[in-house]
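Enquirer: Below you'll find the structure I mean.
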Amino acid sequence: MAKDDIIRTADICDAHPDAYQVCEIAFNDYAGRNHFHGRVTKFATHEDNKGIRDILAQGGPKGGKGRVLVVDGRGSRRRALCGGNIAAEAAKHGWAGLVFNGCIRDSHEFAGLDIGVKAVGSTPQRPRHDGIGKTGVTLNFGGIAIRDGDYLYADADGVIVAAKPLHK
């Protein structure tokens, strides 16, 4: 992504004052990009990442096509929901970014990846694999609701979500 292609959340907020929600969580950045945007794919879970790889691989080698996976892990800091291998798979499949209301692990493996990854923190403990995750549910965290078809913008200032793309 060229520097001129960066879409700033503050610019979106200024241009569309009533068309977005601002997430109140102060996420940390863990990968090569701190700015990204795309159509949202949602996953709700708690300390369990079984199913995330399946979502990332949907549609084949470039199935992500600029989308953003948002995972609501209920803010848990006990177990990671993503490690470097999963983030590398997401980049390989063309995802623009990953947002975790939860933790990642192996943070040193994220730095060189050409993808955006935001999470509440990192932890060394691996996730469970119980298969409790769900797709197709509205996510509620950080004072916002994320629904099917929403569009997410993220940069160093934060994360905003809109019902449709707001950039040109």
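Enquirer: In deg cm²/dmol and to the nearest 500, what is the mean residue ellipticity at 222 nm of the chain if only DSSP H runs of at least 4 residues count, each as -39500 (n - 2.57), divided by the residue total?
Expert: -3500 deg cm²/dmol
Enquirer: I would also like to ask the following. Restricting to region 3-162, compute how many DSSP beta bridges are antiparallel as a %, nearest 5.
Expert: Counting only bridges with both partners in region 3-162, antiparallel ones make up about 45 percent.
Enquirer: Determine the sum of side-chain charges near Gly84: Lys and Arg each +1, Asp and Glu each -1, restricted to other residues whose C-beta is under 9 angstrom from that of Gly84.
Expert: -1
Enquirer: So between Ala111 and Asn85, what do we pick up on full extension, going 0.36 nm a residue minus the alpha carbon distance?
Expert: 8.1 nm
Enquirer: Based only on Cα atoms, what Rg/Rh ratio does the chain have, Rh being taken as Kirkwood's radius?
Expert: Result for the chain is an Rg/Rh of 0.93.
Enquirer: Please give the peptides 110-116, 15-21 ranked by average Cβ packing (other Cβ atoms within 10 Å per residue), highest first, as a rough proxy for protection.
Expert: 110-116, 15-21
Enquirer: At 0.36 nm per residue, and after removing the present C-alpha to C-alpha distance, how many nm does the segment from Asp14 to Ala26 gain when stretched out fully?
Expert: Length difference between fully extended and current span is 2.3 nm.
Enquirer: In addition: Let me check against my output: what whole-number percent is the relative contact order of the chain, with C-alpha pairs under 8 Å and at least 6 apart?
Expert: Relative contact order for the chain comes out at 34 percent.
Enquirer: What does the extension gain come out to for Lys92 and Asp54, with contour length at 0.36 nm per residue minus their alpha carbon separation?
Expert: Result: 12.3 nm gained on full extension.
Enquirer: Exposure proxy check: Phe100, Phe43, Phe27 ranked by fewest other beta carbons within 10 Å?
Expert: If I rank by nearby Cβ atoms, fewest first, I get Phe27, Phe43, Phe100.
The numbers here are math on the coordinates, done by the rules we state, and not lab data. Not measured: the values here are computed from a predicted model. Cβ: placed from backbone, ideal geometry, glycine included. Neighbour counts: every protein chain shown.
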